[in-house]
Amino acid sequence: MLRVDQADLADVVGEVTLDLESQSVVIGAHARTGASGPWAAAPSLDALGSACAVIADLRDIHTINACGPDAQRVDCFFIREEFLCLAAALRPLDSLHGGPAGIEVYGQAVADRLCAFADALLPGQRLVLRLLDLRSDHAAGVTELAPVAVEPNPELGLHGARWLLGSAAYRDALRAMLASLRKRLGEDARRVHLSVPFLNDEREFTRLRTHLEVPSDIPLSAFVETPAAVHATAAICAAGASELFVGTKDLVQFYLAADRTNHLVADSYQPRHPAVLDGVRRVVESARAAGTPVRVFALGADLAHYLHRLPTPDGYMMCTAELRQVLLQGRP
């Protein structure tokens, strides 16, 4: 979070760079030229492995694939279902609360967005959809008809895998979405994979695959973002997870008990803390031992640190803007 005093707002004009290494804010286009800048020692593309772009909309796919030949190094685009809902002007809980007709409309609308994304992929690229993970505080802002629980701590409340396990309506919407993808994309529907969010262990993973009736030929990966999931990595792999994604942003806050959205504890939120690195290391080592592909999310400022101190995963996940910087490094 960048906090700017009201009196200083008039001077914040043009390009603004937050240098996380030096904990400084630089105004002007010269911001990235300093030796301590986040891209001063950008890692090589070979070190990055098979890159995964974390995207928010269709434009992000076009942005990455416009980076020239090196765009082929990005074999995966990761999108949250909530972002698809935003693009389609959907209110997820209202749609799922609207009976069979509303559920069908929801499934078809998500499929529409996924088809548009699939059409933008290059050969060899795929989409990974992180299944709906709508916290109650976020749901309250986009819901008009369905009841939304008021929770004292939504971050640790009823969302992710635990919410999906209790929703028959979402199961039916997912079925409608997958059927539409198969009908419209044919064999290319196999390029759309699914991922379980906010998971604790292999029991939740197994129960969720059964509850959602995910066909056996559709890859279902797991998002590791809680200490419990770190501990259960080997068991999650054995339960059939097609791939693991390490969500370091949430993992940091849960390991260090530091809310990543609270500037008052920003000094305690440390992506390079030894406990965090130990947790990520355990996931990568367990996944590699099981033969399960694993990718680690990294901010640009932390990527070189992770590359130096962690065992090599199959690839790294990065936000579109930062991954684009890596892809374009060295180009005229």
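The values are calculated or read from the model by the stated rules, or taken from the named source; none is laboratory data. Keep in mind the model is a prediction, meaning the values are calculated, not measured. With ideal geometry, Cβ positions are generated from the backbone for all residues, glycine too; neighbour counts draw on all protein chains shown.
At-a-glance table
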read-out	value
Failed item, numbered, when Asp60 is tested on (1) farther than 20 Å from Val142 by Cβ; (2) part of a strand (DSSP E or B)	(2)
Pairs, first in contact (Cβ under 8 Å) with a residue 60 or more places away in the chain in region 177-193, second of a type in the set (Phe, Trp, Tyr) and not in a helix (DSSP H, G or I), C-beta under 6 Å, six or more apart	none
Flag for Glu243 being in contact with a Pro (Cβ under 7 Å, 6 or more places away or on another chain), closer than 17 Å to Glu202 by Cβ and not polar (S, T, N, Q)	yes
Identity of the residue in region 193-213, β-branched (Val, Ile, Thr) and either closer than 22 Å to Ala287 by Cβ or not assigned by TED's automatic domain parsing to the domain that holds Phe117 (or both), that ends up surrounded by the most Cβ atoms within 10 Å (Cβ to Cβ)	Val196
Residue list for region 86-120, restricted to those being modelled with pLDDT of 95 or more, within 18 Å of the chain's Cα centre (by Cα) and not β-branched (Val, Ile, Thr)	Arg113, Leu114, Phe117, Ala118
Hey, His263 touching a Pro at 6+ places or on another chain (Cβ under 9 Å) and surrounded by fewer than 18 Cβ atoms within 10 Å (Cβ to Cβ) or not	no
Any hit, region 274-289, residues being among the basic types (Lys, Arg) and touching a Cys at 6+ places or on another chain (Cβ under 7 Å)	no
Hits in region 148-161 - residues which are loosely packed, with under 15 Cβ neighbours inside 10 Å and either farther than 26 Å from Gly99 by Cβ or touching a residue at least 40 places away in the same chain (Cβ under 8 Å) (or both)	Pro152, Asn153, Leu156
Subset of region 94-106 [free of Cβ contacts under 8 Å to residues at least 60 places away in the same chain and out of contact with any helix residue (DSSP H, G or I) (no Cβ under 7 Å at 6 or more places or on another chain)]	Asp94, Gly98, Gly99, Ala101
Whichever residue in region 53-62 is touching a residue at least 60 places away in the same chain (Cβ under 8 Å) and surrounded by fewer than 18 Cβ atoms within 10 Å (Cβ to Cβ) and, among such residues, is farthest from Leu323 (Cα to Cα)	Leu58
Test for Ser242: is it modelled with pLDDT of 95 or more and small (Gly, Ala, Ser)	yes
Residue among Leu185, Leu220 that is more than 24 Å from Leu158 (Cβ to Cβ) and surrounded by fewer than 22 Cβ atoms within 10 Å (Cβ to Cβ)	Leu185
Every pair of residues 6+ apart whose Cβ atoms lie under 8 Å, when the first sits in region 63-82 and is more than 22 Å from Asp314 (Cα to Cα) while the second is modelled with pLDDT of 95 or more and assigned to a strand (DSSP E or B)	Glu81/Leu129; Glu81/Arg130
Test: residue in region 125-146 that is within 24 Å of Ala53 (Cβ to Cβ) and of a type in the set (Asp, Glu)	yes
